[in-house]
Amino acid sequence: MVSGHMAIGNPQWKTFEENEKALVIFQGPHAYISSSWYEKEAVPT
């Protein structure tokens with residue numbers, strides 16, 4: 001099981017209502033983008 005989050009402003013979250021399975025790709029240890037990298041820190045990542 002994989003746990004995570006997705007911003008409600010991202011319309012892709014609707015696909016999880018229709019599909020039980022998902023493909024997850026891990027690109028490496030430096031794939032996380034912190035919201036502190038943006039001018040406005042409230043940006044969802």
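The values are calculated or read from the model by the stated rules, or taken from the named source; none is laboratory data. Computed from a predicted model, the values in this text were never measured in an experiment. Backbone-built Cβ (ideal geometry, glycine too); neighbour counts: all protein chains shown. Heads up: the accessible areas ignore ligands, DNA and RNA and are worked out on the full protein's heavy atoms, side chains in. Shrake-Rupley method; radii C 1.70, N 1.55, O 1.52, S 1.80 Å.
I'm trying to understand the selection: among the residues of region 12-30, which are open to solvent by less than 90 Å² (accessible area, probe 1.4 Å) and not small (Gly, Ala, Ser)?
Scanning region 12-30 gives TRP13, THR15, ASN19, VAL24.
Evaluate the following for ILE33: is it open to solvent by less than 80 Å² (accessible area, probe 1.4 Å) and either among the small types (Gly, Ala, Ser) or out of contact with any helix residue (DSSP H, G or I) (no Cβ under 8 Å at 6 or more places or on another chain) (or both)?
The answer is yes for ILE33.
Between residues in region 12-25 that are closer than 13 Å to VAL2 by Cβ and residues that are open to solvent by 100 Å² or more (accessible area, probe 1.4 Å) and in a helix (DSSP H, G or I), which pairs lie under 8 Å by C-beta distance while being six or more apart or on different chains?
ALA22/PHE16
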